[in-house]
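Each remark here refers to the structure printed beneath this line.
The values are calculated or read from the model by the stated rules, or taken from the named source; none is laboratory data. Only a predicted model underlies this, so the values are computations on that prediction, with no experimental measurement involved. Positions of Cβ are generated from backbone atoms using ideal geometry, with glycine treated the same way; all protein chains shown enter the neighbour counts.
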Amino acid sequence: MEIIESPCVRNCCLDSDDVCMGCFRTIDEITGWHVVSAEERKMILKRALERSNIAVK
């Protein structure tokens, strides 16, 4: 079984869209992390990366 660790960087601060400014996950993605599959975790990480790329621009 593949283990995918949380991307939390302990810089938790939500923006106006309830997205963490530290790891770029939504509040729902953060609170549901412990119950989703490895495949869903990969998708969450992909979406978070896309959000971080948008935020940097």
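Can you tell which of Glu2, Glu39 is acidic (Asp, Glu) and either at positive phi or assigned to a loop (DSSP other than H, G, I, E, B) (or both)?
Glu2
For Lys57, all conditions in the list (1) surrounded by 10 or more Cβ atoms within 10 Å (Cβ to Cβ); (2) modelled with pLDDT under 95; (3) of a type outside the set (A, V, I, L, M) hold save one; what is the number of the exception?
Unmet for Lys57, out of (1) surrounded by 10 or more Cβ atoms within 10 Å (Cβ to Cβ); (2) modelled with pLDDT under 95; (3) of a type outside the set (A, V, I, L, M): (1).
Across the stretch 28-50, what is the total count of residues that are crowded, with 18+ Cβ neighbours inside 10 Å and basic (Lys, Arg)?
Total meeting the criteria: 1.
When you go through (1) over 12 Å from the mean Cα position of the chain (by Cα); (2) outside any loop (DSSP other than H, G, I, E, B) one by one for Ser52, which number turns out not to apply?
The one condition Ser52 does not meet is (1).
Would you please list the contacts, defined by Cβ atoms under 6 Å and residues six or more apart or on different chains, that run from a residue in the stretch 28-57 that is more than 15 Å from Cys8 (Cβ to Cβ) to a residue that is modelled with pLDDT under 95 and exposed (fewer than 12 other Cβ atoms within 10 Å of the Cβ)?
Close Cβ pairs satisfying both conditions: Ala38/Glu2.
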